Amino acid sequence: MDPQRDQDDWALETLAIRAGHHRTGEQEHGEPIFPTSSFVYGSAAEAARKFNGDEPGNVYSRFTNPTVQTFERRLAVMERGERCVATSSGMAAILATALALLQAGDEIVASRSLFGSTVSLFDKYLGRLGIVTRYVELSDLDAWEAAITPATRLLFAETPSNPLSEVVDIAALAEIAHRHDAWLAIDNCFLTPALQRPLDLGADLVIHSATKYLDGQGRAVGGAVVGPHELLDEVFGVVRTCGPCLSPFNAWIFTKGLETLGLRMRAHCENAQRLAEWLTAHPAVKRVHYSGLADHPQHALAKRQQAGFGAVLGFEVVGEREGAWRVIDATRLLSITGNLGDVKSTITHPATTTHGRLSDDQKVAAGIGEGLIRVAVGLEAIADIRADLARGLDSLA
Ligand SMILES: *Cc1c(COP(=O)(O)O)cnc(C)c1O
């Protein structure tokens, strides 16, 4: 009886619940937490073998921890990667990837509409190390190819983008990357393996902020990188030496979060689709950005590439900033916060918060207007979410 043997045939829902836990001698049913910094040996000789890597086994929790490994194994098989390395945050996952794969003189080509801290990491901190990043329009494959130079080692994209739900063809982008001897990394935070598996489409690495949907209930900060052994062994080296490792407590939270990921993502998508359709019909709404709508420029691509359209949507209201702020301030249920990936719905005004540091020209280029509102749709009853937004929207119409 080897439960791992069946794993190749299991569906995502089954892997999410069953994969990764190797039961200990206590025969526990639930996944245990191992809150220990170090591990002991039966003899001096065993310690020597484990320290030298001649014998597998735990040494110190900055290197490996059984609870963290359960999360890593589970996420790895869900993303269909050979190996996963968990990190202390999503940003730590991106940093560890960059330190593992790049050196001074190398270049990154990245989509323009990235998470704000990712842009700062690339421009300020990797820039200091002599690594240059060029930014291109996410969906414009010709622009990606044109930005590649002989020094380009990594292509990095978030798809769908936040908050406008722009989508790139991952398979086509992987083909471009590989033709130029570069790797493609996809930040899969918004869709998760429940809705999109970038490695199956040809990407080399998947990056996660586990803080978002993998946890799904806003409890802990963490991250992960998934991909082939060849690259992940390098990422592991960075994490074990430089230290951005995940705590066992947080790993346990994410492991339990994964168990309901498929169910939650389907429910998130259903709420988001219904909200998007309702917003489209509201007289105070000028435009809704959601790839689940038939008029979205990449609707067909999103439908083909994704198993769902995600739960982050943007919409433009009449009245510019004043109108947007009025809608936001009229909410009583939705949380006014930049966080997403939570059962609780959240609402933000990107132009003055998440994208507030962009210049006016950059905001126009990125499509971040003053009337734009972002909602990360949670799992409250859709009627209550609509009613909460209707209060402000009806006052504008
Ligand atoms: C939140 C987020 C990150 C960063 O993750 P942290 O866990 O906050 O460090 C990276 N990428 C995307 C798309 C995110 O939403």
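The values are calculated or read from the model by the stated rules, or taken from the named source; none is laboratory data. If you're wondering where the values come from, they're calculated on a predicted model, not measured in any experiment. Cβ atoms come from the backbone with ideal geometry, glycine included; neighbour counts cover every protein chain shown. Surface areas here come from the heavy atoms of the whole protein model, side chains and all, with no ligands, DNA or RNA. Shrake-Rupley method; radii C 1.70, N 1.55, O 1.52, S 1.80 Å.
Go through (1) within 16 Å of the ligand (Cβ to nearest atom); (2) crowded, with 16+ Cβ neighbours inside 10 Å; (3) touching a residue at least 40 places away in the same chain (Cβ under 8 Å); (4) assigned by TED's automatic domain parsing to the domain that holds Glu72 and name the single condition His268 misses.
Of (1) within 16 Å of the ligand (Cβ to nearest atom); (2) crowded, with 16+ Cβ neighbours inside 10 Å; (3) touching a residue at least 40 places away in the same chain (Cβ under 8 Å); (4) assigned by TED's automatic domain parsing to the domain that holds Glu72, only one is false for His268: (4).
Quick one: would you say Glu107 is open to solvent by 20 Å² or more (accessible area, probe 1.4 Å), touching a residue at least 60 places away in the same chain (Cβ under 8 Å) and not polar (S, T, N, Q)?
no
In region 169-183, which residues are more than 16 Å from the ligand (Cβ to nearest atom) and either part of a helix (DSSP H, G or I) or open to solvent by less than 30 Å² (accessible area, probe 1.4 Å) (or both)?
Ala171, Ala172, Leu173, Ala174, Glu175, Ile176, Ala177, His178, Arg179, Ala182
Does any residue of region 80-97 turn out to be modelled with pLDDT under 95 and more than 12 Å from the ligand (Cβ to nearest atom)?
Checked region 80-97: no residue is modelled with pLDDT under 95 and more than 12 Å from the ligand (Cβ to nearest atom).
Do any strands (runs of 3 or more DSSP E) lying entirely in region 284-374 carry at least 1 residues that are basic (Lys, Arg), and which ones are they? Before you say what the answer is, go through the steps one by one.
Values: elements: 285-289, 312-317, 346-348.
By residue number, 285-289.
Please note which helices (runs of 4 or more DSSP H) are completely contained in region 192-259 and include at least 1 residues that are under 16 Å from the mean Cα position of the chain (by Cα) and either away from the ligand (no atom under 12 Å from the Cβ) or over 24 Å from Gly292 (Cα atoms) (or both).
The helices (runs of 4 or more DSSP H) meeting that bar are 192-195, 248-259.
Testing Arg153 on (1) of a type outside the set (A, V, I, L, M, F, W, C); (2) touching a Leu at 6+ places or on another chain (Cβ under 8 Å); (3) open to solvent by less than 30 Å² (accessible area, probe 1.4 Å); (4) modelled with pLDDT of 95 or more, one condition comes back false. Which one is that?
(3)
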